[in-house]
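The block underneath contains the structure these notes are about, expressed in structure tokens.
The values are calculated or read from the model by the stated rules, or taken from the named source; none is laboratory data. This structure is a prediction, so every number in the text was calculated from the model and none was measured. Here the Cβ is made from the backbone with ideal geometry for all residues, glycine too, and neighbour counts use every protein chain on show. Quick note on the areas: whole protein, heavy atoms, side chains included, nothing else; ligands and nucleic acids left out. Shrake-Rupley method; radii C 1.70, N 1.55, O 1.52, S 1.80 Å.
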Amino acid sequence: MATNGPDPEPWQLSLFDPVSPPRATASPAAPPANPAATPEPTPAASSPPVRFQHPRTQRHILLGEHRVGYEFRRARRRSIGFVVSPEGLSVSAPRWVGVGEVEQALQAKAAWILRKLHEQHQRAERVQATRVQWHDGTSLPFLGDTVIVVLDPRVTGAVLHTDELTLPGVARLTLHVGLPQSATQEQIREAVQSWLQRQARRVFEERCALFAERLGVRVRRLSLSSASTRWGSASADGSVRLNWRLIHFGLPVIDYVVTHELAHLREMNHSAAFWEVVRSVLPDFEQRRGQLRSEVLPAFD
């Protein structure tokens with residue numbers, strides 16, 4: 001699962017295996033694009049070549065005009081597999097497959113690999129642009145809206161205010177944090193993050209109770225997660241973990257992730273039966289899942 005809170009789910013492609021794309025991925029983060037079996041035009045043909053370099057690069061290859069450094073591993077598997085993640089391209093292959101055959105496979109899927117590398121590169125640029133500067137007046141997404149941080153030493157902790165603006169029915173959310181103007185970025189981040197996590201637990205408990213009743217399941221334990229690649233998880237014993245960064249999204253997206261995890265308490269898989277359980281309470285879940293993938297959340301680091 002995955003954001004720029006949680007990173008986007010890596011795109012994977014296994015060669016020599018039959019490609020029959022599932023209806024959805026194993027994570028509510030978002031389905032990978034379907035790698036077509038026929039050649040595609042290389043993306044960004046008019047843009048200057050980009051050098052893609054995995055931090056654990058072991059081999060290099062020229063794909064079109066782009067030099068790609070990739071991580072290469074031998075693995076106990078039956079086919080060559082590609083994963084394009086925020087780090088770059090990783091390739092795993094059986095021991096009996098020669099390097100030449102691996103490079104032929106890379107060239108055969110060059111368009112798919114380059115497209116995914118470009119998408120990850122563009123996303124990294126968007127994430128960098130959303131890196132939070134913690135100060136009085138910082139704005140953050142909260143439940144699909146925008147909240148403005150106000151340093152206010154008169155309050156204790158953090159208090160959310162709804163300020164009515166000039167236009168009827170238009171309001172502004174401000175979070176008054178009990179810190180002086182001289183507070184450090186770290187102090188502001190910790191105060192705001194603690195408040196967001198408390199709100200996340202409150203909202204998740206409410207939504208889990210609502211959808212557990214609709215699905216006829218029981219949540220025995222709910223906990224918050226800070227995972228970098230997963231939005232949520234569920235165990236057969238009724239334990240559910242939800243990433244607190246979901247609190248940035250509106251309720252439709254939160255409800256999708258909640259429903260996805262609770263549906264696993266009935267179907268511990270991603271079979272057609274599982275997706276019918278999800279659809280039974282959220283007929284438009286594909287649209288909500290798309291929102292989850294497309295949003296770029298603020299980077300707190």
**OP:** For S92, tell me the accessible area in Å² from a 1.4 Å probe, rounded to the nearest 10.
**Re:** 10 Å²
Original post:
Looking only at segment 87-110, which residues have a backbone nitrogen under 20 Å from a spot 7 Å from the Cα of R51 in the C-beta direction?
Top reply: 87-90
Original post:
P(r) of segment 93-195 in 10 Å steps, Cα pairs, percent per bin?
Top reply: 13, 28, 19, 13, 12, 11, 4, 0
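Using a ≥ b ≥ c from the Cα gyration tensor of segment 176-277 (square roots of the eigenvalues), is it rounded, prolate or oblate, where a/c under 1.5 gives rounded and otherwise the larger of a/b and b/c decides, a/b for prolate?
Details: a/c = 2.85, a/b = 2.55, b/c = 1.12.
Cα axes put segment 176-277 in the prolate bin.
Leaving out ligands and nucleic acids, and using a 1.4 Å probe, what accessible area per residue does segment 146-268 come to in Å²? Before the final figure, lay out the partial values.
On the way: 6140 Å² over 123 residues.
Normalised by residue count, the accessible surface of segment 146-268 is 50 Å².
On a full-extension model of 0.36 nm per residue, what is the gain between W96 and H60, subtracting their alpha-carbon distance, rounded to one decimal in nm?
On the way: separation 36, 0.36 × 36 = 12.96 nm, distance 2.04 nm.
Roughly 10.9 nm would be gained on extension.
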Original post:
Which shape class applies to segment 139-234: rounded if a/c is under 1.5, otherwise prolate when a/b exceeds b/c and oblate if not, where a ≥ b ≥ c are the square roots of the Cα gyration tensor eigenvalues?
Top reply: oblate
Subject >> Cα→Cβ-extended label distance, 7 Å offset, between T156 and E186, nm >> reply: 2.6 nm
Subject >> Of P283, L222, I247, farthest towards positive along the dipole that unit charges on Lys, Arg, Asp, Glu beta carbons give segment 151-290 >> reply: L222
Original post:
So what does D136 come to for accessible area, using a 1.4 Å probe and Å² rounded to 10?
Top reply: 70 Å²
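Could you tell me what percent of the accessible area of segment 66-180 is made up of carbon and sulfur, with a 1.4 Å probe and every protein chain present? Spell out each step's value before the answer.
Numbers: 3030 of 5880 Å².
C and S atoms contribute 52 percent here.
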Subject >> Using a Förster distance of 22 Å, the FRET efficiency for R74-V296 (Cβ separation, nearest 0.05) >> reply: 0.05
Subject >> L173 paired with A273, simple spin-label distance in nm, labels 7 Å along Cα-to-beta-carbon >> reply: 3.9 nm
